[in-house]
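Have a look at the structure below, then the notes.
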Amino acid sequence: MVVNPLKWKLHWQIFAAILLAIAAGWATGEDGRTLGIHWYSVYDFVGRIFLNALKMLIVPLIVSSIIVGIAGIAKSGRLGMLGAKTVGFYLTTTLLAVLAGLVLVNIVDPGLSSDGRALGDELALTAETIDVRERVGEGSLSDLTELFVRIVPENIVASAASLDMLGLIFFALLFGYFMARAEHAYAETLYNFWEGVFQVMMSITNFVMLFAPIGIFGLVAKVVASTGFDAAQPLLIFAATVATALLFHLFITMSTILTLVGRVSPLATLRAMAPALLTAFSTASSMATLPLTLRCVRENVGVSDRTTSFVLPLGATVNMNGTALYECVAAMFIAQAYGLDLNFGIQFVIVVTALVTSIGVAGVPAASMVAIGIILTAIGLPLEALGVLFVFDRLLDMMRTAVNIYGDAVCAIVVARLEGETGLFGESVDPHR
């Protein structure tokens, strides 16, 4: 039987592309040629086109997704106490996840060698460190006061042209919120327009991701051709750092919230959510897991339909604890590899941008890559380092999706408690439920 790789699922195509890239890069090196073809130049050409395609998506995708998301929540009419508790929980836990990742990556320093040397050469990062440092330092990012000034753009078109993501995100948040409060006829027209833009951008993103195996092949092959297998160790340490931070958020942060606020057993919650967590881990998709998440929270935990029907679909869209954590660690890892000592102001930018972009691009295939590109652009780092992150991205994507789903379930339990629900895990049931 002949196997057609084009019919494989995208993640298997990407995995095969990574293996082929490792073999090709090792075989050809930087100087390998066949019939006059310089293979390293071919890898560079393919990788650069793929990165350019990702850059092309950033502005229209992030603006339309945030506007539609904020307006959708506002127009749903459920921005009362239930909505406030849900959104507040999601923002708080996402912030805690990002901070956990930030603390751990600062302790481990995966982008540095044991003697404190930046590992940019091992990761085949070609941009000059001096140029990168100057770019990161532009706009007085070290000055926190100036940072807040930058958040409010004086010219939104100029911000889009210069990829000033902080200004764009702030504008999109305001636009989406007040669009939902305009007169119905105007609000509906604007919502349909931005929803149309978002759907078109999703289609373009899906189209670009069809070529992800080819682009990733070029990016990974270039790294291996330049450095051999020198990149393996820092990438393993990076992956271990992300995994440890995710496990800390899952077992420490969430368990503490469940115990103190939800007043339920974390172990019982894990058992109840096991089918959904395993499905999330295998599919790496919050939306695909949503039906099973609803079933587990309703039947195994005992949360009411009223709470689950609002909290869980919203969570599958906007609650990306694991994704935000990963984005933060990845951006810090890349900055360390360039030898940059990021001050509080720039790390604050990373935290805020990770928090917002994890919501804005949550439903996009390979969302983390687009979001990390936004963060790198926001702080002035080049996008060339995205290629090396693809090596372990699939495994880490599976882990962070499971964390996202567990966060949704914890939110449903906590909100149910705050709404006065009983009957969780076999407690005496409130007759008015």
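The values are calculated or read from the model by the stated rules, or taken from the named source; none is laboratory data. Since the model is a prediction, treat every value here as computed from it, not as a measurement. Note that we place each Cβ from the backbone using ideal geometry, even for glycine, and neighbour counts take in every protein chain shown. Ligands, DNA and RNA are stripped out before the accessible areas are found, and what is left, the full protein with its side chains, is counted by its heavy atoms. Shrake-Rupley method; radii C 1.70, N 1.55, O 1.52, S 1.80 Å.
So here's what we get for this one:
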| read-out | value |
| --- | --- |
| Residue among Leu104, Leu95 that alone is open to solvent by 50 Å² or more (accessible area, probe 1.4 Å), of a type in the set (A, V, I, L, M), under 30 Å from Gly339 (Cα atoms) and touching a helix residue (DSSP H, G or I) at 6+ places or on another chain (Cβ under 8 Å) | Leu95 |
| Failed condition for Phe211, given (1) open to solvent by less than 40 Å² (accessible area, probe 1.4 Å); (2) modelled with pLDDT of 80 or more; (3) under 23 Å from the mean Cα position of the chain (by Cα) | (1) |
| Residues within the range 50-61 that are open to solvent by less than 90 Å² (accessible area, probe 1.4 Å) and over 18 Å from Leu125 (Cβ atoms), tallied | 6 |
| Residue within the range 63-82 that is at pLDDT 85 or above and among the basic types (Lys, Arg) present | no |
| Within the range 178-216, tally of residues that are assigned to a helix (DSSP H, G or I) and either touching a strand residue (DSSP E or B) at 6+ places or on another chain (Cβ under 7 Å) or not aromatic (Phe, Trp, Tyr) (or both) | 27 |
| Residue within the range 20-27 that is within 30 Å of Leu247 (Cβ to Cβ) and either at pLDDT 85 or above or not in a helix (DSSP H, G or I) (or both) present | yes |
| Residue in the range 246-266 that is of a type in the set (Ser, Thr, Tyr), open to solvent by less than 50 Å² (accessible area, probe 1.4 Å) and over 19 Å from Leu95 (Cβ atoms) present | no |
| Only one of Leu250, Leu174, Leu190 that is under 30 Å from Ser265 (Cβ atoms) and modelled with pLDDT of 85 or more | Leu250 |
